[in-house]
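Let me begin by presenting the structure, written as structure tokens, before commenting on it.
Rule-based calculations on the coordinates, nothing more; no lab input. Please read these numbers as outputs of a predicted model, since none were measured by experiment. Positions of Cβ are generated from backbone atoms using ideal geometry, with glycine treated the same way; all protein chains shown enter the neighbour counts.
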Amino acid sequence: MPRTNFQDLLDAGVHFGHLKRKWNPNMQPYIFMEKNGIHILDLQKTIVKIDEAASAMKQIAKSGRKVLFVATKKQAKDIVAELVGSVNMPYVTERWPGGMLTNFPTIRKAVKKMMSIDKLAKDPSWDNLSKREKLQISRQRAKLEKILGSIADLTRLPAALFIVDVLKEKIAVREANRLGIPVFAIVDTNSNPDDIDFVIPANDDASQSIKLIVKVMTDAIREGLSERKVEREKDDDDEMPKKLRRNKIVALDEEEDEIDDFDEEIADEVLADDDLTDEDLEEEEE
């Protein structure tokens, strides 16, 4: 079953591309027609691509890995922060920090620095600092929070990237390609789809178009996380009988050991009786 329908995409303006003179020839397979000097995208192909991307996104979430969403353009910032934040995935809505992926250890150091400032603010020694020092540290903390706040929990490289505008986020796309990280992206008619693993041909300027597609992706992630949770609970339930069986086997072994000990005691008594001499037997018979 498709995750969205033709009418929803039409209402959100997903089909509107850029002016014909600004187009990228590599987008030709996804263009339906030209009208009034503007390219119109083929929504039937968009539906298929959305479903493919959502299915792959669901599998990534189900495996327990992270997807990094990148959307620094004005009309996408709040939408991505709200929708992606609801599924606890990392996102970048401010300037893309160069080397975010290719120099990831340095980014992690910056995150640790931000955490150390938080720790310092709770320490009693914070009160001994001057107002100037406190102001400088607070400003540094705010700057780090603005750039790295949403990726503070990203302890390793993401399994994939989701890009809203590949032209604007070309540095992020280049870094992901260099590291072999799959890229999902909303690709408009003025962009090159060749470097994108999961192309979603759609309008990347209209807020309604962005919201519709990002929501489909986050819903797929939510499904993957739910299935992962169910499977883990099922594994725990399956593991419980095994533990009970193991405990039962251990208990039976202990009982057998006790029986063996008891048998040995009886055997000792019998052997002790066997030590009776013939004279002792004669006395017992008398």
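Packing-based ranking of 112-118, 27-33, 86-92 yields 86-92, 27-33, 112-118, ordered from highest to lowest mean Cβ neighbour count within 10 Å.
Could you give the semi-axes, largest first, of the ellipsoid that matches the stretch 6-227, computed as the square roots of 5 times the alpha carbon gyration tensor eigenvalues and rounded to whole Å?
Listed largest to smallest, the semi-axes of the stretch 6-227 are 37, 18, 16 Å.
Taking the Cα atoms of the stretch 1-125, the ratio Rg/Rh between the radius of gyration and the Kirkwood radius comes to 1.10. Provide the FRET efficiency to the nearest 0.05 for the K109-V48 pair, computing r from the beta carbons and using R0 = 41 Å. Once the sixth-power term is evaluated, E becomes 0.45.
Counting DSSP beta bridges with both partners in the stretch 6-227, what percentage is antiparallel, nearest 5?
Percent antiparallel among DSSP bridges in the stretch 6-227 is about 30.
Which is farthest toward the positive dipole end of the stretch 6-227 among W96, I107, Q75, measuring Cα position about the Cα centre, with Cβ charges +1 (Lys, Arg) and -1 (Asp, Glu)? Positive-end residue among those listed: I107.
Using packing as a proxy for protection, rank 169-175, 20-26, 210-216 so that the peptide with the highest average count of other Cβ atoms within 10 Å comes first. Don't skip to the answer; put the middle values down first.
On the way: 169-175: 19.1, 20-26: 12.7, 210-216: 21.7.
Averaged packing, sorted descending, gives the order 210-216, 169-175, 20-26.
Legend: ranking of residues I196, I47 from fewest to most surrounding C-beta atoms inside 10 Å; resulting order I47, I196. For the stretch 47-85, backbone nitrogen atoms closer than 19 Å to the point 7 Å from R156 Cα along Cα-to-C-beta are found at 57-69. Modelled this way, with points 7 Å down the Cα-to-C-beta line, the labels at Q28 and A206 are 2.6 nm from one another. Residues whose amide H lies under 5 Å from that of F32, counting only those 5 or more places away or on a different chain, are I40, L41, D42; hydrogens are built 1.01 Å from N in the peptide plane. Between E231 and F6, the contour length at 0.36 nm per residue exceeds the Cα-Cα span by 77.6 nm. Residues whose amide H lies under 5 Å from that of F162, counting only those 5 or more places away or on a different chain, are L68, F69, V70, F184; hydrogens are built 1.01 Å from N in the peptide plane. Label-to-label distance for Q59 and L179 is 2.1 nm, based on points extended 7 Å past Cα in the beta-carbon direction.
Stretched out straight at 0.36 nm per residue, the stretch from R222 to L129 would grow longer than its current Cα-Cα span by 29.0 nm.
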